[in-house]
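Reviewing the structure listed below.
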Amino acid sequence: MAPDLLARATRVAKQYRIEHGTPITPGQLAVRLKVTSEEATQALAVLDLDPNTDNRPVRPANGRPVRATR
């Protein structure tokens with residue numbers, strides 16, 4: 001995968017997360033980058049931004065990771 005595409009995917013995925021509070025899906029990323037869903041899925045896999053997982057850093061509280069409840 002091209003480095004410039006990965007850089008754009010990173011920016012778009014992070015911005016989406018900030019705006020919506022949820023991970024971007026491969027389909028949404030594909031539309032924003034104007035690539036195929038397969039390419040978007042590959043970009044998310046390379047970036048470890050799986051749409052089914054929380055990609056924000058988990059901050060420990062009392063030594064234990066705390067997850068958001070919403």
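No lab work stands behind these numbers, since they all come straight from the coordinates. Note that the coordinates shown come from a computational prediction; the quantities given were computed from them, not determined experimentally. With ideal geometry, Cβ positions are generated from the backbone for all residues, glycine too; neighbour counts draw on all protein chains shown.
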Within the range 4-32, restricting attention to residues that are β-branched (V, I, T) and closer than 12 Å to L47 by Cβ, which residue is surrounded by the most Cβ atoms within 10 Å (Cβ to Cβ)?
-> I24
Could you list, in sequence order, the residues of the range 33-43 that are touching a Pro at 6+ places or on another chain (Cβ under 6 Å) and either assigned to a loop (DSSP other than H, G, I, E, B) or closer than 17 Å to R11 by Cβ (or both)?
-> A40
